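Input: one structure, supplied below.
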Amino acid sequence: MSRDTLIVRVAQILLGITLLGLWELAAVTKWPDPVLAKSPGQTWSFLVKSASSGQLWSNTRATMTAVLIAWVLAGVAGVVAGVALGLMPRVERVLTPYLDSANAMPRIALAPLFIVALGINTSAKVALASTLVFFIVLSGARAGVRSTDAEWLRLSIVLGARKPQLFVKVLLPVATPAIFASLRLGLIYSLLGVVGSELISARSGLGQLIAYYSSTFRMEAVYGILLLLAVIAVVLNQVMGLLERRLLRWQPPADR
Amino acid sequence: MTMTSPTRSNLEEHAQTLTSDTNDAIRINNVSVAYGSDGRSSRPVLSGVNLTIRKGEFTALVGRSGCGKTTLLNAVAGLVDPTEGSVTVMGEPPRLARRHLGFMLARDALLPWRNALRNVEYGLELRGVSKAERRQTALHWLGAVQLLHAQHLWPWQLSQGMRQRVALARTWALNPDVLLMDEPFAALDMNTRQSVQQKFLELWQSEEHRSVIFVTHDLGEAIALADRIVLIGDGRVLEDVTVGIERPRDLEFVSANRRYQEIYHQLRAQIG
């Protein structure tokens, strides 16, 4: 570890301790409100209890299952649609106003619709999360395909490349970094969509637990689950980052 | 250019192909190109160009930017269809003759997700050469440009000169009969440029049979490298000059040659 990294790590740990201290201080002084003021210790003991009862595990699994299903389905659909639109500018021009307005819609407003249509189950969560992931990956894949250098195509054609070869050997590799970046972002948005849907109505999942505990004023439980969600988001992001570095070794470090 | 309805010009063309000298690598017959934008026909980029390039001949196309020299090269590569006239490469229409072609551009156009070795293999891969064979060929040509040690490096890890040498190896790996080169050394700094040019000349001189069309706006480079200089202006052939400097040439001293000076002064005014 270089000296710079060491300094950064130490500063990060100190900042974390300070934040925990401030949280503890707020809990002790009952600020801003006795209902909200729960200490880190209370939060921790909730997490321990909930984990040992199996409640935390089963709800995390329910949430993450929906997150991954939505991410994979909408990710694949988004890549296919994005690459297709990137290669067919005329079709894209026809569809643009529809895609833009669909993407501009506050997606959480669709949750009640999906719940009515699909029921209070995993499908409704997956549907909502998919509407977020799809558009993110679509625009990433489209931008990726567009970033193809005309000289690469010109060279490949003269050297004898046929259409399918141009696609596999030039267009897809060109688009990979942008597709990857959008999949990474899409994973976080998938979590957002699933938890959002669960908050509105669900039988299980971390979002549903937050809704339940906040309605019964168990704020230490709410804080615990929020912390857990933050940890999940960070882990997902790190895993994607690792994969990305592995797959995109060919990029100069400044572009990674 | 279809043979289903034999019009008069098609028949003539066909007869020409049959009677053409088998020593010709490229025949450009009365070629005109006009880029029409939105259906409106614009000023022609090339009008009535005739040019025959023999096997093993090194021809430089020179002219001001926008004179049509790159369009002519693109027509030979089958990237642009002539509005009138025809082009044949090794007796075939350009699109069917791509197995004969090698291609180099001002920017090396190395694919950034392939290391040096796999970039050299690229053309062979497109042509369906087996993995073992293309690896062997690629290693041979990387060796010929002194880059065996860099075979596993990514393009961003190579200097400009190294990248263009990888591009040379990629071109030679295809064993092309015709080399199409579009300002291939224009992006290099002066010192790198001369060493890459020298390398290129050595590779080309070591085998007699490859024809070259070399597009450049640098008259000095054209005289130093080529057998023949074709000056293009306003979409026409303005001058066609035989260089006649003996080979092998050493690029460091070629500009002192009397013939170099003569051609330089003859053509310089027209390039401007």
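A short reminder: the numbers here are calculations on the coordinates, not readings from a lab. Please read these numbers as outputs of a predicted model, since none were measured by experiment. Neighbour counts run over all protein chains shown; Cβ positions are idealised from the backbone, glycine included.
Using θ = phi - 60° and the Karplus relation 6.51 cos²θ - 1.76 cosθ + 1.60, list the HN-Hα couplings for the range A:140-149 in order, rounded to whole Hz, with x at every Gly or Pro.
The phi angles translate into x, 5, 5, 4, x, 4, 5, 7, 4, 7 Hz.
Could you give the size of the charge dipole of the range B:25-271 about its Cα centre, using +1 on the Cβ of each K and R and -1 on the Cβ of each D and E, expressed in debye and rounded to the nearest 20?
Magnitude of the dipole: close to 500 debye.
Treating each Cα of the range A:5-123 as an identical point scatterer and ignoring solvent, apply the Debye formula and state log10 I(q)/I(0) at q = 0.10 Å⁻¹.
Ignoring solvent entirely, the Cα scatterers give -0.70.
Between helix A:219-247 and chain A, what is the angle of the helix's C-alpha long axis to the longest principal axis, kept within 0 to 90° and rounded to the nearest 10?
It works out to around 30 degrees.
Another question about this same structure. Report, in debye and to the nearest 20, how large the dipole of the protein assembly as shown comes out about its Cα centre when Lys and Arg carry +1 and Asp and Glu carry -1 on their Cβ.
Here the protein assembly as shown has a charge dipole of around 1620 debye.
Provide Rg over Rh for chain A; use the alpha carbon set for both Rg and the Kirkwood Rh (inverse mean inverse pair distance).
1.07
Treat each spin label as a single point 7 Å out from the Cα along the C-beta direction, and report the A:Tyr98 to B:Arg127 distance in nm.
Between A:Tyr98 and B:Arg127, the simple spin-label model gives 4.6 nm.
Given the pairs B:Lys69/B:Lys199; A:Lys49/A:Lys125; A:Lys125/A:Lys169; B:Lys69/B:Lys131; A:Lys125/A:Lys163, which span a C-alpha to C-alpha distance of over 31 angstrom in this model?
A:Lys125/A:Lys169; B:Lys69/B:Lys131; A:Lys125/A:Lys163
Sticking with this one: Which percentage, to the nearest 5, of the DSSP beta bridges contained in the protein assembly as shown is antiparallel?
50
Can you work out the Karplus-derived ³J(HN,Hα) for every residue in the range B:74-87? Use 6.51 cos²θ - 1.76 cosθ + 1.60 with θ = phi - 60°, whole Hz, and x for glycine or proline.
4, 5, 5, 7, x, 8, 10, 8, x, 6, 9, x, 8, 10
If you don't mind, another one. Using Cβ counts within 10 Å as a stand-in for footprinting exposure, how do B:Lys69, A:Lys38 rank, fewest first?
Starting with the residue having the fewest Cβ neighbours, the order is A:Lys38, B:Lys69.
For the range B:25-271, give me the percentage of DSSP beta bridges that are antiparallel, rounded to the nearest 5 percent.
Percentage antiparallel, nearest 5: 50.
Taking Rh as the Kirkwood radius, which is the inverse of the mean 1/r over Cα pairs, what is the Rg/Rh value for the range B:25-271?
0.97
Simple spin-label model, 7 Å along Cα-to-Cβ: A:Leu243 to A:Val35 in nm?
Taking the simple label geometry, A:Leu243 and A:Val35 are separated by 4.1 nm.
Once you treat every alpha carbon in the protein assembly as shown as an equal point and sum by Debye, what is log10 I(q)/I(0) at q = 0.07, 0.09, 0.10, 0.12 Å⁻¹?
Log-scaled intensity ratios, in q order: -0.60, -0.81, -0.90, -1.12.
Here is a follow-up. Give the separation of the Cα centroids, the range B:225-247 to the range A:1-29, in Å.
Cα centroid of the range B:225-247 versus Cα centroid of the range A:1-29: 73 Å apart.
Which residue, chosen from B:Gln198, B:Gln266, B:Val243, occupies the Cα position most advanced towards the positive end of the dipole of the protein assembly as shown, where the dipole is computed from +1 (Lys, Arg) and -1 (Asp, Glu) charges on Cβ about the Cα centre?
B:Gln198
Another question about this same structure. Quick one, can you get me the convex hull of the C-alpha atoms of the range B:145-272 expressed as volume per residue in Å³?
Considering the Cα atoms of the range B:145-272, their hull volume per residue is 128 Å³.
Please report the Cα spread of the range B:52-174 along all three principal axes, rounded to whole Å, starting with the longest.
Cα extents, longest axis first: 47, 33, 26 Å.
Can I ask one more? Let me know the whole percent of all Cα-Cα pairs from the range A:42-97 that are separated by more than 18 Å.
Percentage above 18 Å: 60.
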